[in-house]
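Let me begin by presenting the structure, written as structure tokens, before commenting on it.
Readers should treat all values here as calculations from the given coordinates under stated rules, not as data from a laboratory. Just so it is clear, the structure is predicted and the values come from calculations on it, not from any experiment. Reconstructed Cβ throughout: ideal geometry from the backbone, glycine too, with neighbour counts over all protein chains shown.
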Amino acid sequence: MDIRFNEVNFAYQANTPFETRALFDVNFDIPTGKYTAIIGHTGSGKSTILQHLNA
């Protein structure tokens, strides 16, 4: 089964004065049987992406 993110958005404490956008219009496809690395700076949303994959 392919993994597909299509215009995924996520914010912590959404719709409050403390809203923090973690993901904004994230798009990617991972074909079945392929490996993909998710890299980036601290706070760039890597863990948030993985949490959404486990949802």
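Residues being of a type in the set (Val, Ile, Thr) and surrounded by 11 or more Cβ atoms within 10 Å (Cβ to Cβ): count how many of those fall in the range 38-55. Here the count works out to 3. Criterion applied to ASN27, ASN15 was being of a type in the set (S, T, N, Q), part of a strand (DSSP E or B) and out of contact with any Ser or Thr (no Cβ under 7 Å at 6 or more places or on another chain), and the one residue passing it is ASN27. Going through (1) in a loop (DSSP other than H, G, I, E, B); (2) surrounded by 13 or more Cβ atoms within 10 Å (Cβ to Cβ) one by one, TYR35 falls short only on (2). For the condition in contact with a Gly (Cβ under 8 Å, 6 or more places away or on another chain), small (Gly, Ala, Ser) and surrounded by 11 or more Cβ atoms within 10 Å (Cβ to Cβ), ALA22 qualifies.
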